[in-house]
Structure formats: structure tokens, C-alpha cells
Amino acid sequence: MAYSTSQSNYLSPRQDPVRDSTASDSAWVQQRHTNWLFQPDEFKQTPSSRDGVPFNNEMMMRSKGISFLALVGMHLHLPQPTLYVAATMFHRFYMRFSIKRHHYYDIGATCIFLSTKVEETNRKLKAIVIACCRVAQKNDKLVIDEQSKEYWRWRDIILFNEELLLEAICFDFAIQSPYNILIHYTRKFIKDDKDRIALTKSAWAFLNDSARTTLCLRYPPMVLAAAALYCASTICHVTVLPEEYGRMWWDEIDVTIGDIKDACNIMADLYESSPSKMGEQKYSRQH
């Protein structure tokens with residue numbers, strides 16, 4: 001997977017680090033990933049906010065864009081990790097460009113197109129365009145003529161925005177999904193098969209819902225996987241135990257309980273503000 005091949009004038013949100021020739025590949029990936037993490041106050045200073053879009057409005061539009069993206073993905077039968085990569089690209093894009101000037105449906109469609117290439121879950125452009133047409137018009141059975149204006153409009157939108165998206169994300173395709181990390185955690189810490197199945201299902205839903213938020217820009221994947229596990233354990237009433245007694249399970253994976261609870265509370269805030277937009281799973285604040 002390439003890290004950065006951009007030769008353009010676009011830089012990452014923080015100045016692109018110069019690679020230390022003595023650094024290991026894993027250290028470089030971690031350095032690149034950290035470069036895409038932001039502090040809470042930075043979300044009040046996005047290009048959209050500087051363009052006059054209130055913070056809550058931007059977050060609402062981002063959520064709508066992810067909903068559109070997810071529905072298109074469902075039409076295309078894409079795996080959840082591919083959709084997570086698309087969502088991450090989407091959120092990164094709006095740390096570089098204003099949502100007022102680049103419609104969230106247009107960027108969502110482009111993120112789907114690019115993520116299928118990156119994750120090697122390729123779908124033909126034709127199939128993606130048709131899915132976008134049907135989701136945008138809220139008609140799953142809509143017959144799309146390849147010569148119609150609507151078909152060519154979506155095709156042009158995706159191809160036009162692809163280069164802009166590549167520049168916005170600095171050609172950085174090293175996006176690690178938290179789903180595999182979550183599976184590793186559940187196998188490590190949950191010994192009962194029935195409990196593991198229930199907890200994994202709940203935690204998986206947490207990660208799916210988290211794509212509507214900016215959590216992927218606040219914490220690395222291992223923290224999100226841990227937060228999903230923690231939240232699921234409270235919902236399913238399953239005790240998570242470490243392999244070695246005497247330490248809490250999050251200490252075993254070097255994640256702080258403060259970060260875990262903060263991520264859970266961001267999800268609770270989303271649920272409280274728009275419960276109808278969430279799935280069946282409810283999220284409550286952690287103290």
C-alpha cells in the first residue's frame with residue numbers, strides 16, 4: 001500500500017513529515033497516521049467553518065454524506081471495511097475543503113469509487129453511477145439509461161472529483177480499518193463463544209455508526225476498536241477479561257480508559273442529537 005506519492009503543492013493537514021531513513025516501516029505508517037489526527041478545537045476551524053458554515057451544520061452535513069455513501073455501498077454489496085475507508089477519506093477531505101463548495105453527495109460518491117480501488121473490492125464505474133442515481137432519487141428500482149443526463153452527470157461528478165480527492169488526502173492510502181483489530185480483541189479477551197458473538201455484533205455496529213462522526217480523525221483505529229469493545233460490553237452485559245489477571249484489559253493493549261470513554265461519549269452525543277439517524281443500538285454516556 002502506498003503511503004504518499006503526491007507531487008502536487010497540496011500538503012497534509014499538518015506539514016508532511018520527512019521520512020527518516022532509519023525509521024522502520026511500521027514507525028513510518030504510525031507517523032503518517034498521526035498526521036491525520038486532530039484536536040477537538042480544530043474541528044471548529046475547518047475550511048467549512050471559515051466559509052461561514054456553523055459547526056453543528058457541518059457535522060450534520062457530514063453525517064448525511066456518510067448516510068448517502070453507506071446506502072450506495074449497500075447497493076454495491078461492499079464490505080464494511082471498504083465503506084470505513086471511504087468514510088475516512090470523506091472526513092479527511094473536509095479538513096482540506098469546504099463542504100459549502102463541494103457537496104457531500106458528490107464527495108461521498110467519489111470516496112466510494114476510490115475506496116473500492118484502494119481496498120481491491122473493485123466495482124465498475126457504471127455500477128457505482130447507477131447506485132448513486134438510485135440512492136439520490138430514493139428509488140431502488142429506478143431504470144437508468146446510460147445515455148441519460150443523470151447518468152452522465154454522476155459519472156462526470158465522480159471522475160472530476162477523483163483528482164481533487166486524491167490531492168486532498170495527499171495520495172495517502174494507508175488507512176487502517178479498526179474491524180480486524182476488533183476481531184483480534186474479541187478473540188483475545190472473550191473466551192465464551194456465545195458472549196463473543198453477541199459482543200462482536202454490537203461492537204461492529206458501534207464502528208459502523210462511528211463513521212458518521214469524526215472519530216476516525218480523533219483517535220487511531222486501535223482506540224476505536226477498544227471503545228467499540230467497551231461500549232458493547234456494557235450493552236451486552238459481558239465482562240471483558242485480560243489474559244493475565246491483575247490488569248484491566250485496556251492496559252493489555254496500551255489504550256487509556258480516558259480515550260475509550262471519550263470515544264464512547266462522542267457516540268452518545270450523536271445518538272442524543274439524532275437517535276432516528278442511528279441504528280437499533282443505543283449509546284449512553286460513560287462516566
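Derivation of every value follows stated rules applied to the coordinates shown; laboratory data play no part. Predicted model, so just to flag it, every value in this text is computed and none were measured. Cβ: placed from backbone, ideal geometry, glycine included. Neighbour counts: every protein chain shown.
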Over what distance in Å are the Cα centres of the range 220-238 and the range 34-55 separated?
26 Å
Rounded to whole Hz and in sequence order, give me ³J(HN,Hα) for the range 184-193 from the Karplus expression 6.51 cos²θ - 1.76 cosθ + 1.60, θ = phi - 60°, writing x for Gly and Pro.
4, 5, 5, 5, 6, 10, 10, 8, 7, 4
Roughly how many nanometres apart are two label points built 7 Å out from the Cα toward the Cβ at A127 and D254?
3.9 nm
About its Cα centre, how strong a charge dipole does the range 24-141 have in debye, to the nearest 20, once Lys and Arg get +1 and Asp and Glu get -1 at the Cβ?
440 debye
Please order T110, T239, T186, T234 by the number of other Cβ within 10 Å, starting at the fewest.
T239, T234, T186, T110
For the ranges 77-87, 113-123, 39-49, what's the packing order if you count other beta-carbon atoms within 10 Å of each residue, average per peptide, and put the highest first?
77-87, 113-123, 39-49
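With r defined as the distance between the Cβ atoms of H77 and V118 and R0 fixed at 22 Å, what FRET efficiency is calculated, to the nearest 0.05? Please list the in-between numbers first.
On the way: r = 17 Å, r/R0 = 0.79.
Working from the Cβ atoms, E equals 0.80.
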Charges at C-beta only: +1 for Lys and Arg, -1 for Asp and Glu. How large is the resulting dipole of the range 83-230 about its Cα centre, in Debye rounded to 20?
320 debye
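Could you tell me whether the range 38-168 comes out rounded, prolate or oblate from its Cα gyration tensor? Rule is a ≥ b ≥ c as square roots of the eigenvalues, rounded for a/c under 1.5, then prolate if a/b exceeds b/c, otherwise oblate. Working shown, then result.
Working: a/c = 1.94, a/b = 1.64, b/c = 1.18.
Note, shape of the range 38-168 comes out prolate.
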Cross-link partners among lysines for K261, C-alpha distance below 28 Å, same-chain residues fewer than 8 apart left out?
K44, K64, K188, K191, K194, K201, K277, K282
Give me the dipole magnitude in Debye, nearest 20, for the range 177-245 about the Cα centre, with unit charges on the beta carbon: positive for Lys and Arg, negative for Asp and Glu.
180 debye
Between R247 and R285, the two model label points (7 Å from Cα along the beta-carbon direction) sit apart by a distance in nm of 3.2 nm
Between T234 and H103, what is the label-to-label distance in nm when each label sits 7 Å out along the Cα-to-Cβ direction?
3.9 nm
